[in-house]
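The values are calculated or read from the model by the stated rules, or taken from the named source; none is laboratory data. Remember, predicted model here, so these are calculated numbers, not experimental data. Every residue, glycine as well, gets a Cβ built from its backbone with ideal geometry; the counts of neighbours run over all protein chains shown. Surface accessibility is based on the protein's heavy atoms, side chains included, excluding ligands, DNA and RNA. Shrake-Rupley method; radii C 1.70, N 1.55, O 1.52, S 1.80 Å.
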Protein chains: 2
Amino acid sequence: MTAHRQPMIEVALYLIPVGLSDAELDMVLPQHNIHIVREIKHFIVENVRTARRFLKKCDRNIDIDLLTFYELNRHTKPEDIPAMLKPLTGGEPMGVISEAGCPAIADPGADVVAIAQSRGLKVIPLVGPSSILMGLMGSGFNGQSFAFLGYLPIDTSQRNRKFKEMEQRIMRENQTQIFIETPYRNNALVVELCKAMPPHIKLCIATDITGAGERIITRGVKQWLNQLPDLNKVPTIFLLYK
Amino acid sequence: MTAHRQPMIEVALYLIPVGLSDAELDMVLPQHNIHIVREIKHFIVENVRTARRFLKKCDRNIDIDLLTFYELNRHTKPEDIPAMLKPLTGGEPMGVISEAGCPAIADPGADVVAIAQSRGLKVIPLVGPSSILMGLMGSGFNGQSFAFLGYLPIDTSQRNRKFKEMEQRIMRENQTQIFIETPYRNNALVVELCKAMPPHIKLCIATDITGAGERIITRGVKQWLNQLPDLNKVPTIFLLYK
């Protein structure tokens, strides 16, 4: 066991992934994460209720009332973020917990990590599920070069420009293009996308990753048009390649 | 526990991550992965020796002699890959194991996943450590938009063009740029890169992720020039943002 990864905890900002689905924690998180979580008293969280639920799932004996939570989400004022790190600068380990998956990947957690870095504070990411990475693994697409674009623009002309740009980066740079959509728009996106893309482009649709309904399926865009899946409100990640 | 993630195994191509460092497996892999590994008899591996060592680390009671290994690496002829999936098409689960980290992300594993997808075979990625993702989490950089570029070009003029392109994508697209270098060239790269980039660009250097020597540090490129780290032959991932 390496010194660094011992449950004996360091004075650091721990980035603590949570599950993506209803899967049991031992399906998606290393035991080590649970050991670390037990040692932390101060958590910066995207949502206090879900964070509490996660901590109870890690260890039902954790006394939530002894913990302090600092909420960091789109409603947080930027000027309020630095103060959240006081316990860490005072010598106490802290944890960052987001709504789903890995903190600081597609959530406000990155802001507090940036502040920690700018102050020379130690940051330690823990292993956990990422729909971006697991979708890419399962797609069979190029993993030597890929881009995650987050949400596509909603405005039609901007969106069509983005489709063109993705196609160009696939063809010219051999770069896999990965993106998400607001779940209730998933079905509309698939139709739009598969009509806009030429037949030599492949789409991987990865739904409910790590969950009971996990499906990671790669097909040509025109094949998808012949057998449209129902992705309405299902957590889904989309990947494009040739 | 979800039906799907039960140790009761499916007829699928399991993508099985391995460690990145000398860390114990329970530091970086969920228990579930070990349960799955125990059930698989046919493995497509990048290197048979390291795969054997990994399997013994998962469970020293695994009888390696009862397992079949199919080597898939840069020396493999593309026409030999489809035949590797015979056990799976015959109804037996298979595993893919790469040299380090997550299979099919930056290794030949992606080729066999692509073939499995084209035949409609089920592919199931398991959770494990990824230096790309963990480096991004720890960097404090934008995780809503990022690109992994693999290795930078070696030719100086091509490399400088790549530097310019990365700078443009950071400034115009707010896209974090992530890349790697051949370990013995790490030190030269840092100097080159920090000289080439303007002062408002930040570089995160993430070394020995999950290992005893893990360090994930973000600084301005000019700050790095004043305190150059020794990264010679140390596994490192580089991230750039503003």
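What does the convex hull of the Cα atoms of the protein assembly as shown come to per residue, in Å³, rounded to a whole number? Please report the intermediate quantities before stating the final value.
On the way: hull volume 72.4 nm³, N = 484.
It comes to 150 Å³ per residue, whole-number rounded.
Sort B:Ser130, A:Ser131 from largest to smallest accessible area, using a 1.4 Å probe on the heavy atoms of the protein chains. The partial results should precede the final answer.
Numbers: B:Ser130 10, A:Ser131 40 Å².
Ranked list, largest accessible area first: A:Ser131, B:Ser130.
Quick one: helix B:156-173 against the long Cα principal axis of chain B, what's the angle to the nearest 10°, folded into 0 to 90?
Result, in degrees: 90.
Structure shown: which of B:Lys57/B:Lys122; A:Lys242/B:Lys164; A:Lys162/B:Lys162; B:Lys86/B:Lys233 lie over 29 Å apart, alpha-carbon to alpha-carbon?
Working: B:Lys57/B:Lys122 27 Å; A:Lys242/B:Lys164 26 Å; A:Lys162/B:Lys162 22 Å; B:Lys86/B:Lys233 39 Å.
Where the Cα-Cα span goes over 29 Å, the pairs concerned are B:Lys86/B:Lys233.
How many Cβ atoms of partner chains, on average, are near each residue of B:21-29 if near means within 10 Å of its Cβ?
Details: counts 3, 4, 7, 7, 3, 8, 14, 6, 5.
For this peptide, the per-residue mean of nearby foreign Cβ atoms is 6.
Keeping all protein chains in position, work out how much accessible area B:His75 exposes to a 1.4 Å probe, and write it in Å² to the nearest 10.
Counting only protein heavy atoms, B:His75 exposes about 140 Å² to solvent.
Provide B:Thr68, B:Thr210 ordered by accessible surface of protein heavy atoms (probe 1.4 Å), highest first.
Result, largest first: B:Thr68, B:Thr210.
Gain in length, A:Glu92 to A:Asp63, computed as 0.36 nm per residue apart minus the alpha-carbon separation, to one decimal in nm?
Working: separation 29, 0.36 × 29 = 10.44 nm, distance 1.76 nm.
Stretched out fully, the A:Glu92 to A:Asp63 stretch lengthens by 8.7 nm.
If you look at just the Cα atoms of chain B, how large are its Rg and its Dmax in Å?
When restricted to the Cα atoms of chain B, Rg and Dmax are 19.8, 60 Å.
Using the heavy atoms of the protein chains and a 1.4 angstrom probe, tell me the accessible area per residue for region B:117-231 in square angstrom.
Heavy-atom SASA per residue in region B:117-231 reads 39 Å².
Select from B:Leu66, B:Leu55, B:Gly91 the residue farthest towards the positive end of the dipole of region B:13-125; place +1 on Cβ of Lys and Arg, -1 on Cβ of Asp and Glu, and compute about the Cα centre.
B:Gly91
If you take the C-alpha gyration tensor of region A:13-125, multiply each eigenvalue by 5 and take the square root, what semi-axes do you get, largest first, in whole Å? If you can, show how the numbers build up before the last one.
Working: eigenvalues 92, 45, 36 Å².
Sorted largest first and rounded, they come to 21, 15, 13 Å.
Could you name every residue in region A:125-156 that has 30 Å² or more less accessible surface in the full protein assembly than in its own chain alone (probe 1.4 Å, ligands and nucleic acids excluded)?
Those are A:Pro125, A:Val127, A:Leu133, A:Met134, A:Met137, A:Gly138, A:Gly140, A:Gly143, A:Gln144, A:Phe146, A:Phe148, which lose 30 Å² or more relative to the chain on its own.
What's the carbon and sulfur percent of region A:127-174's accessible surface, probe 1.4 angstrom, rounded to a whole number? Walk me through the numbers before you get to the answer.
Numbers: 860 of 1870 Å².
Summing carbon and sulfur atoms, their accessible area is 46 percent of the total for region A:127-174.
7 Å along Cα→Cβ for the label point: how many nanometres lie between A:Asn47 and each equivalent label in the other copies, listed shortest first?
Here A:Asn47 shows inter-copy label distances of 4.3 nm.
What's the angle, to the nearest 10 degrees (0 to 90), between helix A:109-118's Cα axis and the longest principal axis of chain A?
60
Can you list the distances in nanometres, one decimal and ascending, from the A:Ala196 label point to the identical position in each other copy, with the point 7 Å along Cα to Cβ?
3.1
Taking amide H atoms as placed 1.01 Å from N in the peptide plane, list the residues 5 or more away in sequence, or in a different chain, whose amide H sits under 5 Å from that of A:Phe141.
So A:Phe141 has HN proximity to no qualifying residue.
Just in region B:48-102: which trypsin sites (Lys or Arg not before Pro) are loop by DSSP and have at most 15 other Cβ atoms within 10 Å?
Numbers: sites: B:Arg49, B:Arg52, B:Arg53, B:Lys56, B:Lys57, B:Arg60, B:Arg74; in loops: B:Arg60, B:Arg74.
Within region B:48-102, the qualifying trypsin sites (Lys or Arg not before Pro) (loop, at most 15 other Cβ atoms within 10 Å) are B:Arg60, B:Arg74.
Rounded to whole Å, how close does chain A get to the rotation axis onto B by Cβ? Give me the residue too, please?
Residue nearest the A-to-B axis, with distance in whole Å: A:Ala147, 2.
At A:Thr68, label 7 Å along Cα→Cβ: distances to the other copies, nm, ascending?
6.0
Provide a list, ordered by number, of residues in region A:201-242 showing at least 20 Å² less accessible area with every protein chain present than when their chain is taken on its own, using a 1.4 Å probe.
Hits at the 20 Å² cut-off: A:Thr210, A:Ala212, A:Glu214, A:Ile216, A:Thr218.
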